[in-house]
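Some notes on the structure that comes next.
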Amino acid sequence: MGAGIGLALGALGLQIPAAAADDSEVSIDPWNAAPGSTVTVSTSACDPDADYGKGNSEVAGDFHLFEGDEEGVLTGQFQIPEGAGPGSDTVTLKCPPLTKVTETYQVTGRSPSGSVNAGFGPADGSGTALALGGGLLVTAAAGGAVWLWRRPEDKHA
């Protein structure tokens, strides 16, 4: 019973940072980004008259912030390097006069790519296993044909 209450309280505790992140002056999209993807960062923390800012991602390096579609919002983009591993990445944004805000998002594992070996042929593009399987089928079919063509008195031997 105590473990169940502890799990319920723990689940509620996990919800609090997510709610707090929604009220942030920094928006990161996507929140869970894979290597090779482009991340867009927007902030309303800067002075409403600011038209430029700088950003830094611990994973991707420096990027620039410019006026976005919304008034008073600066927006920038960067690309997560292909070799980035999974984990958290902290983004720091600076804009005039002395504004500095940070936000953290997640870099996910590499997205699956390529074919999957489901047992119906080679996944790597080589035809060796397929040719071997085809050869075995032809041999089995030939053996069956020979058995069918034998004389009836030889079939029981």
Legend entry - Point-to-point label distance, Phe66-Lys94, nm (Cα→Cβ direction, 7 Å offset): 2.1
Legend entry - Whole-Hz ³J(HN,Hα) from phi, Karplus 6.51 cos²θ - 1.76 cosθ + 1.60, for the range 89-97, glycine and proline x: 10, 9, 10, 10, 10, 10, 8, x, x
Inset, instruction - Tell me which residues come under 5 Å, amide H to amide H, from Leu65 once H is placed; ignore anything under 5 positions away on its chain. - result: Gly53, Lys54, Gly55
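Only the coordinates and a few stated rules stand behind these numbers; no lab work does. Everything quoted here is computed from the prediction, not taken from an experiment. Reconstructed Cβ throughout: ideal geometry from the backbone, glycine too, with neighbour counts over all protein chains shown.
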